[in-house]
Structure formats: C-alpha cells, structure tokens
Amino acid sequence: MTPGELAHFIVNTPGIGGAIVLIVITIAIATYISLARWILKGGTEENERRPQRRSR
Amino acid sequence: MARWSMVIDLDKCVACQGCSIACRFENNTPIVPPEEAELGRSMLWNEVFPLRAEEGDVASEKAKFLTRPCMHCENPPCVKVCPVGATYKDDQGIVRQNYARCIGCRFCTVACPYGVRYFNWYAPQWEEGLDRHLNPDRVTGNKDLEGPAIRPRGVVEKCTYCIHRLHKARARAEAEGREFRPDEYVPACVQTCTGKARFFGDLDDPDSIVSRLSQERRAFRLLEEAGTHPKTIYLQEG
Amino acid sequence: MKTAWHPENTYESDILAPVKKATAVDWWLWIGLLAVVLAGLAAWVRQYILGLGVTGMNRPVYWGVYLTDFVFFIGLAHSGTFISAILRVAGQSWRAPLTRAAEAITLFSLPFGVASILIDMGRVDRLLNVIVYGRFQSPLLWDFTAVSLYLLSSVVFFYFSLLPDIALCRDRLMDVPGWKHRMYEILALGWSGHPEQYHRLEKVLDGMAVFMTMVVVTVHTVVSWVFGMTIQPGWHTALIGPFFLLGAIFSGTAAVVIVLAILRKVYHLENVLPVTLFNSLRKLLITFTLGWIYMIIAEFLTTFYGNLPEEMEVFWQKFTGDFALIFWAMVILVFIVPLAIFVFRGKNSIPWMVTASVLVNIGMWLERYIVIIPTETRPRLLYELVQGRYTPTWTEWVITASMFAGLFLLYAVFTRLFPIIPLWETAETLEHEMEPLKRRPRRFGERKASA
C-alpha cells in the first residue's frame with residue numbers, strides 16, 4: 001500500500017472518520033481528567049508536609 | 001467491468017419530456033402539490049429546461065431545450081462531501097444513493113454544481129390511484145435501500161441510471177447461465193425517448209455506441225471546466 | 001467542615017451578592033424565556049413529524065436560516081475564548097474581571113450552534129451514522145471533530161477557572177438553600193486553596209489557553225470550509241476561512257460588551273467593571289471593524305475584477321439583486337454606524353458602546369445570511385436554468401428566537417448560581433501568596449512581600 005492509497009483509504013472509508021472523532025474526544029477527556037487530578041493533588045497531605053515558607 | 005455512460009443528442013431531442021415522465025414512473029419519484037412545485041420542490045430526476053435566448057441575439061431566438069439526468073461524474077463533488085458514504089460511486093462508475101443511510105444534511109445537494117439531487121421535504125405521497133401503480137423494483141442489500149424503493153422523508157434521492165434494471169439484467173443472464181452483455185441494459189429514459197436522441201452503453205468498450213459518439217466533434221459535457229468529468233455526454237445542436 | 005483558604009478580594013461581597021438570591025423579576029424573566037424556548041421546541045417537534053417542508057427551504061436553496069444560526073452561534077462562542085485564552089496568552093491583564101462573563105457566552109452559545117445543525121438535519125434520528133459510517137473526507141466530519149473538541153475543552157477550561165470560586169461559594173454562602181450548598185460542595189471537588197493548587201491551576205490554564213487559541217482558529221475555519229470546499233461561486237474562495245474567523249471574534253467581542261453592560265447595571269458591579277474595561281474593548285472593536293471592511297473589499301474586489309460569469313451572478317445578487325437590501329443593511333450595521341460610534345462616541349460611554357455592539361451583532365447575523373443564501377440562489381450550472389428564491393417561514397423564526405431565548409435563559413440562571421466575576425483572578429493577594437512556591441528571584445528594587 002503506497003502512502004497515497006493509505007491516505008485515500010483513511011479519508012474515504014465510512015467508519016474511519018467516526019473513529020477519528022471518537023479517538024480525538026477520548027484523548028481529550030483522558031487528558032482533562034488527569035489534569036484535574038493533578039491540580040487537585042496540589043492540596044494533598046504530601047504537599048502539606050513540604051516545608052513552607054509561610055503559613056496559611 | 002463496464003463504465004456506463006449516456007449520450008444525449010440535442011439535435012434529435014424534441015423536448016417532449018417523455019424521459020422525465022418515464023423516469024418518474026420507473027423510479028417512483030414523488031409528485032408534489034402545485035404550491036410545493038411553486039416553491040421549487042418538484043422532483044424530476046430527469047428535468048427538461050428551456051434555455052434562455054441571449055438578449056438581443058436574433059440567431060439564438062430559436063427555442064432550445066436541455067434534458068438533464070445525473071452526470072454520473074468520474075470525480076463527483078457530491079460523493080466527496082457525504083459525511084456517511086450514503087452516496088458513492090460504484091465500480092461501474094454509477095453514482096448511487098443509499099436511502100437507508102442518508103442523514104439528510106443536504107451537503108451533497110449544495111455541492112452538486114448540476115443540481116441533480118433532490119431532497120424529500122415531506123414523506124412522499126401519491127394521488128389516489130397512482131399509488132397502486134408504483135414500480136415494485138428496488139435494490140436492497142446489507143442496510144442498503146436504493147433505486148425505485150419508496151423513500152422516507154428527509155433523505156436525498158437522485159438519478160441512478162436505473163440501477164435496478166442493471167441488477168435485473170444481470171440476474172436474468174445469470175439465471176440463463178450465460179455471460180451478461182452490456183446491450184442488455186438501458187435506463188427507462190433511453191428506452192422511451194421519442195426522438196431516439198438518447199444512447200446508452202459502456203464507455204470502456206471502444207466499439208460501443210457511446211464511445212463512438214463521445215468522439216464526435218459535436219460532443220461536449222456540461223461544466224467541463226469544473227473538472228468533474230461527467231459520463232453524461234451531450235451532442236450539440238446543428 | 002474544613003474550609004479552604006481564599007485570596008482576599010475587596011469586592012467580594014459585591015460579586016457574591018447576585019448569587020445569594022434570585023428575585024421575583026428573575027423568576028418572571030426565566031418563565032418568559034422558558035416559554036419562548038418551549039414554543040421553539042414545539043415548532044421543532046412539528047417540523048420533525050411533518051418533515052423539513054415546513055421551512056422555506058427548497059431547491060436550490062437547500063440551506064437556510066438554520067445554517068445561518070449555526071455559523072452565528074459558533075461565531076458568538078468565540079468571544080469567550082478570545083477574551084480569556086488569546087488575551088491570556090498575550091498577557092493582557094485587564095481582561096481578568098471579564099473572563100468568566102465572556103467564557104459563559106462561549107459555553108452557552110456553543111450548544112445552540114450544535115442544535116442548529118441537528119435541527120437542520122433531515123434525519124436527525126440517524127445521527128449516529130456520522131460515527132458508525134463517518135467519512136473523514138467530508139468537511140462535516142471536520143466540523144464534528146472540531147466543534148465537539150471545542151465544546152468539551154471550553155467546558156473544562158471554564159470549570160477549571162471556576163473551581164476556586166465554587167469553593168469560595170461553598171465556604172462563604174451558608175444561608176443558601178440546602179440543594180445549592182450541596183451543589184457547591186460536589187462541584188468544588190474538595191478544593192482546599194493550597195498555594196500549590198493555585199500554582200498548578202495557573203499552569204494548566206496557561207497551557208490550555210495556548211491549546212484553546214489553536215482550537216478556536218481551527219473551529220471557525222472548519223465551519224467556513226463546509227461552504228468553501230464546494231465549487232459553488234461565492235463560497236469557493238480561500239478567504240472564506242479567515243473572513244469567518246474575524247467575523248466570529250468581532251461579533252463575539254461585541255457580545256461581551258452587551259453582556260458586561262447588562263451585568264454591571266443589573267447586579268450593580270460598577271466598581272468591578274469600570275468604564276476603562278469598555279475602553280479597552282473599544283480599541284479591539286475598532287480594529288475588528290476595520291479588519292472586517294478590509295476582508296469585504298479584498299473579497300469583492302477580487303470577484304468583481306476577475307468578472308467570471310457565474311461569480312458575477314452571485315455578486316450582483318448581493319449588490320443590486322434580491323439581497324441588496326440585506327447586503328447594504330449589513331454594511332451599515334456592521335461597518336459604517338458602529339465605526340462612527342466607536343471612534344467618536346464610544347469613549348467613556350457605555351450606552352453608545354452597547355448600541356454599536358447590538359448593531360454589530362444584528363449585522364453579523366445578516367452577514368452569515370448573505371454569505372450562505374445568495375450563492376445558493378445562483379448555483380453554477382442552474383443560474384441560467386433555475387433561479388432560487390428563499391423566504392423563511394414562521395417555523396424557522398420561532399426556532400431561531402427560541403435558541404436566542406435559550407442562550408439568555410442559561411446565562412441568566414448561571415449568574416444566579418455562580419459568581420460571574422472571577423473572584424480569585426481579580427484578588428489582590430494571590431500573586432504574592434504564591435510567591436514562595438514560584439521561587440521567583442527578587443528583582444532589584446522590588447519591595448519585599450509583607451507576610
């Protein structure tokens with residue numbers, strides 16, 4: 001399969017476009033969930049124990 | 001594999017609109033009430049247009065007409081834009097429409113530069129009596145519904161070069177245990193044409209009538225500059 | 001219950017006041033808007049049962065008011081992302097008080113953009129076919145990808161920047177109804193206001209702002225490509241993408257002016273939303289107005305000079321034909337009058353700014369209409385055979401009105417549930433509260449933070 005044929009197959013085959021939409025959205029959702037967890041983890045015990053220069 | 005093509009000789013066309021009517025009964029295109037037709041919602045897969053005379057041009061005042069089925073382009077703009085593959089060009093070059101898959105977004109109808117695609121604004125209706133004479137033919141398959149099959153509301157439909165006739169001709173040849181010949185199949189408009197102005201055949205066969213006519217000096221295609229490479233070919237008047 | 005740390009904000013009580021209680025006027029407004037929304041819903045159900053024939057669409061005008069609404073709502077949505085993402089990337093700090101008000105426009109107009117497309121579909125019951133049989137060659141799939149990613153990303157971007165303020169509502173608003181407090185508790189996700197959390201939040205928002213800027217450019221360009229990728233005269237132009245994008249940001253920014261003025265007046269936020277904000281927006285709007293006329297001239301002069309027959313059919317439809325009234329109304333509403341107002345009257349005058357912004361938004365809706373419809377009335381082959389006409393029916397108007405009512409309704413309800421001015425982003429103390437973690441070296445001459 002040449003690159004041209006592959007490109008043609010990807011854009012032209014019913015179903016692959018839908019899969020691309022799903023993949024993009026799934027990656028986005030996964031990224032956003034992990035970002036949210038990372039932000040919230042900023043307030044966990046682990047960080048509390050870290051030496052702070054000033055108290056809250 | 002054949003590459004089906006139609007040649008329309010405008011010199012022989014008498015604008016009787018027989019092709020339009022034959023197409024209507026062959027393909028069960030819905031008949032819309034006059035007020036709908038007034039809005040521009042009439043459905044004629046094979047429409048006959050009067051060409052406007054150039055203003056002040058005495059030579060072009062003679063009445064001229066153009067009959068227009070689908071162009072069955074080699075590079076169809078409608079197929080490119082369909083989001084679900086409901087319209088597609090099959091291996092014999094016919095641009096087909098699957099009513100069972102169409103989502104009614106009407107992208108193909110605005111993308112087609114020839115305006116050959118029609119949308120079912122309402123569910124199709126027939127007057128009392130007409131509904132008992134519908135063509136029972138249809139092309140079905142795995143979630144496919146094509147040809148003269150009754151369309152639901154909200155889908156797009158178009159000329160298919162009478163794809164069901166091709167299927168029937170092939171089935172007959174198979175039942176009789178012989179090879180299918182390209183001359184066993186013509187669309188209804190070609191069969192009915194009063195002036196014998198329409199020709200149909202295989203463009204891949206150099207000896208076929210359409211191949212020979214397509215090489216005539218009078219031969220032209222609509223919007224050749226658009227790069228769609230139509231397989232419906234016209235022969236100029238005069 | 002453990003409460004979180006919150007940065008100090010002088011105007012905290014002003015900003016929180018609208019969230020505490022909905023007035024009787026609010027309820028009447030909401031009921032009125034809801035009635036319009038329900039009328040639109042009823043019209044849509046009727047359209048769904050009978051078929052799209054109840055609209056004025058026909059052959060060859062296959063796309064009408066619904067597609068206009070689609071482009072307009074998606075364009076309006078660009079306001080929020082422009083103000084909060086692009087200006088964040090550009091480091092424009094004046095934008096802070098109006099970020100959330102602008103982003104809320106994004107959030108609440110995007111769903112109506114999506115709805116317009118669904119309303120326009122002949123067989124919306126087959127929507128899943130777009131996933132099951134989706135072909136990526138079709139620009140509609142590009143739209144699906146870009147718009148759904150945009151919708152998702154703006155919800156997340158909005159929610160992230162709302163988090164500290166939800167926690168603040170949770171901790172400060174004790175006399176609100178139980179369900180409301182419970183909602184704050186759940187949505188706050190246990191935000192504790194730890195400096196590290198703020199630090200990480202800022203980092204994520206900065207990163208997402210860059211991403212959102214790219215998405216915003218993509219989305220509106222892709223929306224225009226639904227038209228631009230066909231070979232129809234008037235649509236098939238490389239300028240259509242940038243033109244749509246500029247128009248989107250233009251109408252979006254004008255919408256921000258309208259919304260800010262209403263919020264300022266109704267919720268008495270004169271201190272938080274000073275007139276200088278409007279002056280900053282005025283400068284942006286003058287730029288966009290001039291950019292818009294530049295695009296118009298570039299587009300139409302190219303067409304006119306080239307003088308291709310089928311392009312000129314569409315051109316004259318707009319300038320002198322069936323659409324001349326709408327076309328010239330658009331030029332007056334989008335360019336001539338607003339530019340005059342912005343330049344000569346807009347400075348320090350909120351009523352004038354609002355007047356011009358309303359005109360701009362009406363004009364931009366007409367602009368979308370003018371881009372879409374005239375081309376369809378003169379298609380490439382048929383312009384000499386069939387000439388299209390189009391008159392929208394009441395169904396289309398009712399559904400359009402109901403979508404605008406829905407946008408206002410969602411916005412109005414939101415302002416009674418969450419603070420519409422970001423408290424933590426406008427707080428005075430946040431910057432040096434986070435300083436120890438940032439470990440920024442003290443520059444020469446900088447005063448030491450008073451702890």
Count - residues of the range B:160-215 that are over 21 Å from the mean Cα position of the chain (by Cα) and over 25 Å from B:THR67 (Cβ atoms): 13
Where C:ARG46 falls short, out of the listed (1) among the charged types (D, E, K, R); (2) under 30 Å from C:SER192 (Cβ atoms); (3) open to solvent by 60 Å² or more (accessible area, probe 1.4 Å): (2)
Just give me the residues in the range C:171-188 being assigned to a helix (DSSP H, G or I) and within 14 Å of chain A (Cβ to nearest Cβ), in sequence order. C:ASP171, C:ILE186, C:LEU187
Within the range B:174-200, considering residues that are basic (Lys, Arg) and part of a loop (DSSP other than H, G, I, E, B), the one least open to solvent (accessible area, probe 1.4 Å): B:ARG178
Please tell me if C:TRP191 is open to solvent by 10 Å² or more (accessible area, probe 1.4 Å) and within 10 Å of chain A (Cβ to nearest Cβ). no
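To keep it simple, each residue is scored yes or no on (1) in a loop (DSSP other than H, G, I, E, B); (2) open to solvent by 90 Å² or more (accessible area, probe 1.4 Å); (3) farther than 29 Å from C:SER93 by Cβ; (4) modelled with pLDDT of 95 or more.
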position: C:MET403; (1), (2), (3), (4): no, no, yes, yes
position: C:VAL413; (1), (2), (3), (4): no, no, yes, no
position: C:PRO436; (1), (2), (3), (4): no, no, no, no
position: C:GLU446; (1), (2), (3), (4): yes, no, no, no
position: C:ALA451; (1), (2), (3), (4): yes, yes, no, no
Members of the range B:119-151 found to be facing another protein chain (nearest Cβ under 7 Å) and not in a loop (DSSP other than H, G, I, E, B), listed by number: B:PHE119
Out of all the residues in the range C:121-150, which are touching a Ser or Thr at 6+ places or on another chain (Cβ under 9 Å) and either away from chain B (no Cβ under 12 Å) or charged (D, E, K, R) (or both)? C:ARG135, C:ALA146, C:LEU149, C:TYR150
Take C:LEU245 and tell me if it is aliphatic (A, V, I, L, M), in a helix (DSSP H, G or I) and touching a His at 6+ places or on another chain (Cβ under 6 Å). yes
Taking the range C:102-144 on its own, how many of its residues are charged (D, E, K, R) and either open to solvent by 30 Å² or more (accessible area, probe 1.4 Å) or farther than 28 Å from C:SER79 by Cβ (or both)? 4
Tell me yes or no: at least one residue of the range B:154-163 is out of contact with any His (no Cβ under 9 Å at 6 or more places or on another chain), part of a strand (DSSP E or B) and either crowded, with 22+ Cβ neighbours inside 10 Å or on the phi < 0 side of the Ramachandran plot (or both). yes
Boolean, C:TRP63 is in contact (Cβ under 8 Å) with a residue 12 or more places away in the chain and within 14 Å of another protein chain (Cβ to nearest Cβ): yes
Going by the conditions given, is B:ARG101 buried (at least 18 other Cβ atoms within 10 Å of the Cβ), within 21 Å of C:GLY56 (Cβ to Cβ) and either at pLDDT below 90 or facing chain C (nearest Cβ under 8 Å) (or both)? no
Search the range C:194-235 for residues being more than 30 Å from C:THR302 (Cβ to Cβ) and of a type in the set (Phe, Trp, Tyr), and hand back the single one that is nearest to the other protein chains (Cβ to nearest Cβ). C:TYR198
Failed condition for B:ALA169, given (1) more than 14 Å from chain C (Cβ to nearest Cβ); (2) in a loop (DSSP other than H, G, I, E, B): (2)
In the range C:197-219, which residues are touching a Leu at 6+ places or on another chain (Cβ under 6 Å) and more than 21 Å from C:LEU152 (Cα to Cα)? C:HIS199
Looking only at helices (runs of 4 or more DSSP H) that fall completely inside the range C:279-386, which ones have 3 or more residues that are acidic (Asp, Glu)? C:309-319
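The values are calculated or read from the model by the stated rules, or taken from the named source; none is laboratory data. Computed from a prediction, not measured in an experiment: that's the story for all the values here. Ideal geometry is used to build each Cβ from the backbone, glycine not excepted, and the neighbour counts take in all protein chains shown. Only protein heavy atoms, including side chains, enter the accessible area calculation; ligands, DNA and RNA are left aside. Shrake-Rupley method; radii C 1.70, N 1.55, O 1.52, S 1.80 Å.
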